[in-house]
Structures are given as structure tokens and as C-alpha cells.
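To start, the structure itself, in C-alpha cells.
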Amino acid sequence: MFLFICWRKASKVIERILAISKKEILQLMRDKRMLFVLFVFPVILLAIFGYAINFDVHHVKLYVFDQAKSVESRNIVRMLGSSSYFDIEGYLSKDSEIKGVLDTKKAQCVISFPVDLDKKLNSGQNATVQILIDGVDGNTASLIANYMNSATRAYNNKIIKEFFSKNGIPIYTPISLETIFWFNPELKSTLFLIPGLIAMILVITAVISISLSIVREKERGTIEQIYVSPTKSLELLLGKSIPYSVIGLLISASIIIVSHFMFGLTIKGNILLLLFTTLLFLFAASNLGIFVSSIADSQQVAFQMATLMSLLPSVILSGFIFPIESMPAFIQIITNVTPAKFYVVILRDILLKGVGLESFWPQTIYLLIFALVFLLLATIKNKKAEAQL
Amino acid sequence: MLSIEVNSLSKKFGKFLAVDNVSFNVNKGEVFGFLGANGAGKSTTIRMLCGILEPTSGDAKVGGFSVMNEPDKVKQKIGYMSQKFSLYNDLTVEENINFYGGVYGLFGEKLNERKKWVLKISDLKGKENLITASLPGGIKQRLALGTAVIHNPAIVFLDEPTSGVDPIARRQFWELINDISDRGTTVLVTTHYLEEAEFCNNIILINAGKLIAHGTPATLKKDYLKNKIIEIECDDPVSAMNILSKEPFVDDTSIFGNNIHLSVNEIYNSKTQISDSIKTNNKINIKRIDPIVPTLEDVFIHLLEKGK
């Protein structure tokens, strides 16, 4: 009998939560703007991050000023041109043309061979080859310099080997450095960005849409109608969080699937762990959204607060684009306010490294604490607000 | 049988006493009018009776449960409709009904039966798929009432349900209120349309948080208004009113359309006192002076003036 009463009570609770979730979805279906933000925005972001923002440098536009016109210079140019890093755009015949091609951005880099290149190399002297790099974009410039350095080193080794073997001395390289980039073997920055992108989109769906949908009910007075019914505020909040969490999960799953086909992303770790930590992050973000809704009285204020408290920190402070290690100590402390920072670490661990809870349990605990703190703050704030109705 | 018993209910917001020691009883199945100016404390009282606002002191029993100790049980007994007509404008008629049905735990056959009833009383049969935003005010108001009582509550609170609705829709709405009360549901309704108060079985008047009158419309007119009411029709009623308000036999003056209503005390004995007084300004031409049966409006203006 007791069990039966419990079951009846529980089924009424579920009934009410379902009614709220269903209503929320119906409202969302009619809200074209919100649908756009939730479903089109991620696609645009994925395209931007996947193709437009690319931290890898390929196809550097190279001009050659070859005064030597010799075997060696042609060899060097052929070697550079055969890699995907450099495209030989053209040859210059006069010193004065160098400035022109750099100024007009026709060239990102110019390589200049001296007249006496072959003579010096054949007589065992040191020859100087000059490279001129467009330094406006510092990152790209230093990458080009690095490529040039390693290309030159390779060519030097080749010359030395030839020299010694010509003279009948066997040659070997004492130490050879083999650099392998783990977790992201081809050093694709897109793969590195996808976890951050997922975090950002979950923040948009959870914090922004949940806070807006609650504040909208406050604005229209419908929340009062729900509060006079037997529906508890926890049921209301659950009813509102569930549909947006499901949408968030669906969107992140589609990002992963699309990234698999477009950028070759594979989930290296445990999918269940991925689901569990994502749900935890959604729980934390939903609570932040509920907290925002308990402070804001209008949708406009809620939107601005939600953006300021969640979206901006998740982009700027989460380590998603800008590495946290290179921030000043003071800002590094501030980065802890965003749950996305911790979720991005977890995602990279699961998606790219394939490691388990043993390497990201501190982040997981932090997310849990973050979620509970904001749930508590929202509850306190709600109690106060109710007392002032 | 009592549906609502209110005992010395008070609510303080900081230092502001919004509801001050209010007590009254409401019988089962009656239409109970709750009157007062804006900000008098009507909505605060209703919120406390609905169990969504905790009283500072005092208590009330609604449907047999204490709002102080058992607000959750109170919520299962009541329906509530606010002046905002709390419907979702972006949902259809049927989706609104389904939602409120679900919130009150109705489903299946029970929900269908009540849905039919709501559609009937709001004249929306066959229009279930209309978006609520497109409905006219009067229909929306009836739909809001229908959804507020979808679970067939014992008691329903209507907080200024007729504000902003045209007179014909208001009349139809009152017919609906009477229907609901005939089925045994207790209706507590706030309004500031005094002609609506005449439809109520019992009325209370609240001013600045205090209860200042209580009774049926008939007894209120008899008990609270010892004075006679005289109606005067004349040119320039404002000047005439200024002259008359200084007379010792006049307690209150008020303007009703082009006429003046005078509340006169025992010093008054005949119409000539009035005409003599007005004639001190010879520009005013008197058309008519008649004693009339007081309306509730006269009673309340008198009570509120006295309260100042």
C-alpha cells in the first residue's frame, strides 16, 4: 500500500515534469530565432573553426631571387617547392623587386642566393643564403623561419655526407632527433579546437537558453500560475533543463560525427565517460543558467548576464583558443571561474588522448563543486525573491 | 460550511505593512468579492491564500489546510487566475490546455473530458489549433479561467480577472463565474469595478492593508451609510461641488458623470438648503435635485473618505 502511494506520487511528479518539458519543446519549435542560435550557429562555428581559423601554416608564398643560377641553388629551390609548406610563386631578377613583392603581399617569404654560392660551397667555404620574411603576423613569421631552418639543416647534412663520401670517409649522424606529436600526430589545430567548440555550444544551449526561458515566464507572469499549482520549483527547473540538456547532447554528438568525417576526429577514450562528464558539465552550466534567471528580471538582462558570465569566459578564459599557461598569473587565477576550462581539459583527455578518469578526476570534482555552489546560490536567491513577491 | 477562514493575517515587506491583521470567512460555494484600490493589499492577500507567499503573522485555512504549515496541500485544492491571463501566447489553445492539465496531473480520459469543458466555456470548440496570441481578449480571459479550474478545484481565486476587457465580455465572464459557483466551487474575486461587486454574495473592502467593511451588498449600503445620498444635476458641477462641500450638512461630495452626489448628514432637512447654497453663485443653473438609493460606489467613497 505504502509503495503504491509512493508510486502514484512519483508518477504525478514525472507527469508534471514531462508536461513542462513538452511545453518547452513546443515553444522552442515556434521560436525561429532560438532555433537558429541552437542549430545553425554550431554549424557556422564548426566551419569557422575547422577551415578559417587554422594555426597551421601551409603553402607559404615564396619568391626566389637567384643570383647564382647554379646547380645548388636550383636543388634548394626544388627541395623547398616539393614540400606542402612552400609554393614557389615566382622568380625575381633584380634586388629592387624584393621590396615590391613583400609590400604587395605577393610573397610571404623571399629567398636570396648569392652569386658565388657554388664556388664557396665547392671550396669548403661558408655561403650565406638570405631569407626575408613578412613579419606582420608574428606567429606565421616564426613558423616560416622554423621551416627554413630545418630545410637548411637537412640540406647541410646532405652536402656534408656527399663531401665526406667523395673523400672516402664513412659518415654517420651521431644523434638524430625524432619528434613525434602524440595525441594529434599531424599537429592539426582543428582537432585541438573541437573540444573547446563543444564546450562553447553546450554553454550557449544550457546557460543562455535555460536562463532566457525561465526569465520569459517571469516576465509574462506564467511562472506564478505554475507556482500556485502543486508543481514544485525543482520540478519546474528539471522540466526546463531536461529538453535543453538533450538538445545540447545531440548537438555535441553531431559535432563529433561531423568532425570525424571532416577532420578525421576519432574518440580515443571511453564513450560512457564522455557522456557522464558531458552530463556533469551540462548540470553545472544549467545551474549557472538558473542562477542567472534568479537574478535577472528581463530577458535582455538575462541574455547579457549569461553572455558575460558564461560565453565570454568560455571563449577567452577556458584555454580553448588562448593557452592558459601563457596568461599572467593573476588572469590564470581568474580562469577558474569558468567550468568550460575544466571541461575542455576533460574533453581533450578523452577525445584526443584516450585517457581515463585517473588523469582528470580533479577537473571532474571541480565541475561537481561548481554545479552545487551555483545550485545553492540559485536556491538562496529564489527563496529571497519569493519572500519579496 | 467554511471554505476559507482568515485569522489575523499580516504581511510585512521590510517596514511596509502590506496586509494588516485581516480576518474574514468565506462560505462554500459563494462568490466572494474582494475590493480595494490598487496597492491596497488585495494581491498580497491572495498570494498568501494560494500558499505562494508566507504570511508574516496570522494564518488562514484554505479548503481545510493551513497556508502557513501545509501550503502544498492548499495548492491541490485551489485554482488561480491572475489579471495577466497566464496563457502561453506562442502555444495553441489545445497545447495550453494540455500543459495546465499536465501541471495538475491530469491525463488520459480525465484530461479529454476537462478539455472539452474548457473548449465549451471559452467558445473555442473546433479552434483548438489557433495560436493563443491571435484570440480576442474576452475569449482569452475565458480560456485562462478554464485552464485555471481545469482540475476542478474546490476554491478558485480570480485576481482582477476583468481588467482590460470590454463590457460585453465582462458580463459573459460573470455568467461563467456564476456557473462555476453554482457547481459548488467557491469563488474569491478581486475587482475594482464596483458594479461587479453587486453580483457577489459577500464583499470585503480593504484599504491600506486594513479591512474596513464586510457584508452583503445590501447590508453594506444599509449599515455603513447612515447618510442619505442626493443627486444634483446642474451646470458647472465642479464649482457647485466646491460651494456645497463647505456646507455643514454635507459630509462628502463626488462627481458621477455630469451629476453631483452629496452625502448629507442629520442637519439636512430639505432640497431648499441645497438650492440656496448653490444660488450664492448665480451663474449655476440647477436642473434637478433628487434623493437616490445609494450605490456601492457611494458606500465605498464614503468609507474611504472617512478612512483618510
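Once the Cα atoms are used to define both axes, helix A:138-166 deviates from the longest principal axis of chain A by about 40 degrees.
Quick one: B:Ile284, A:Ile333, A:Ile346, fewest Cβ neighbours within 10 Å first, how do they rank? Working shown, then result.
On the way: B:Ile284 15, A:Ile333 10, A:Ile346 27.
Exposure proxy ranking, most exposed first: A:Ile333, B:Ile284, A:Ile346.
Across all directions, the average flat footprint of the convex hull enclosing the Cα atoms of the range A:207-283 is 6.3 nm².
When only DSSP loop residues count, what GluC sites (Glu not before Pro) in the range B:92-194 have their Cβ near at most 16 other Cβ atoms within 10 Å?
For GluC sites (Glu not before Pro) across the range B:92-194 that sit outside H, G, I, E and B with at most 16 neighbouring Cβ atoms in 10 Å, the list reads B:Glu128.
Provide the percentage of antiparallel DSSP beta bridges, counting only those with both residues in the range B:51-189; round to the nearest 5. Close to 25 percent.
Shielding by partners for peptide A:208-220, expressed as the average number of C-beta atoms from other protein chains within 10 Å of each residue's C-beta, is 1.
Using a 10 angstrom Cβ neighbour count of at most 14 plus a DSSP loop assignment to flag exposed GluC sites (Glu not before Pro), which longest range of chain A is free of such sites? Walk me through the numbers on the way to the answer.
Values: sites that count: A:Glu178, A:Glu186.
Of all site-free stretches, the longest is A:187-389.
Counting only alpha carbon atoms, the long axis of helix A:233-263 and the longest principal axis of chain A meet at about 20°. The separation of the range B:174-230 from the range A:138-155, counted between C-alpha centres, amounts to 90 Å.
When peptides A:285-294, B:147-156 are sorted by average Cβ neighbour count within 10 Å, with the highest value leading, the order is A:285-294, B:147-156.
What share of the DSSP beta bridges in chain A is antiparallel, in percent to the nearest 5?
Numbers: 4 of 15 bridges.
Antiparallel bridges: around 25 percent, rounded to the nearest 5.
By the gyration tensor of its Cα atoms, with a ≥ b ≥ c the square roots of the eigenvalues, what is the shape of chain A: rounded for a/c under 1.5, prolate for a/b over b/c, or oblate? Note, shape of chain A comes out prolate.
How about the range B:94-143: which trypsin sites (Lys or Arg not before Pro) there lie in a loop by DSSP and see at most 15 other Cβ atoms within 10 Å?
Working: sites: B:Lys110, B:Arg114, B:Lys115, B:Lys116, B:Lys120, B:Lys125, B:Lys127, B:Lys140, B:Arg142; in loops: B:Lys125, B:Lys127.
In loop regions of the range B:94-143 (DSSP not H, G, I, E or B), the sparsely surrounded trypsin sites (Lys or Arg not before Pro) are B:Lys125, B:Lys127.
Between the Cα long axis of helix B:93-103 and the first principal axis of chain B there is an angle of about 80°, rounded to the nearest 10.
Taking each residue of B:83-91 in turn, how many C-beta atoms of other protein chains fall within 10 Å of its C-beta, and what is the average?
Values: counts 1, 5, 4, 9, 3, 9, 3, 8, 4.
Taking the mean over all residues of the peptide, I get 5.
Quick one: check the C-alpha center-to-center distance for the range B:112-140 versus the range B:248-308, whole angstrom. First find each Cα centre; the distance between them is then 47 Å. For the protein assembly as shown, pairs of C-alpha atoms spaced more than 32 angstrom apart make up 67 percent of the total. Ranking of A:Met29, B:Met48, B:Met241 by neighbouring Cβ atoms within 10 Å, starting from the fewest: A:Met29, B:Met241, B:Met48. Multiplying the residue separation of A:Asn126 and A:Leu312 by 0.36 nm and subtracting their alpha-carbon distance yields 61.6 nm.
Count the DSSP beta bridges whose two residues both fall in the protein assembly as shown, then state the antiparallel fraction as a percent rounded to the nearest 5.
Details: 43 of 72 bridges.
Taking every DSSP beta bridge within the protein assembly as shown, about 60 percent pair in antiparallel fashion.
Looking at the range A:12-62, the chymotrypsin sites (Phe, Trp or Tyr not before Pro) that sit in a DSSP loop and have at most 15 other Cβ atoms within 10 Å of their own Cβ are A:Phe55. Spatially, the range A:45-101 and the range B:9-72 are offset by 82 Å when compared through their Cα centroids. Remark: mean inter-chain Cβ contacts per residue of B:94-104 equal 6, using a 10 Å Cβ-Cβ cutoff to other protein chain atoms.
List A:Arg216, B:Arg183, B:Arg47 from most exposed to least, where exposure is judged by having the fewest other Cβ atoms within 10 Å.
B:Arg183, A:Arg216, B:Arg47
Applying 1/(1 + (r/R0)^6) with R0 = 25 Å to the Cβ-Cβ distance of B:Phe256 and B:Lys306 gives a FRET efficiency near 0.85.
Between A:Leu121, A:Leu357, A:Leu191, the residue with the greatest mean-square fluctuation in the GNM of chain A (Cα pairs under 10 Å linked by springs) is A:Leu121.
We did not get these values from a lab; they are worked out from the coordinates using the rules stated. Model, not experiment: these values are computed from the prediction. FYI the Cβ positions are ideal-geometry reconstructions off the backbone, even for glycines, and counts take in every protein chain you see.
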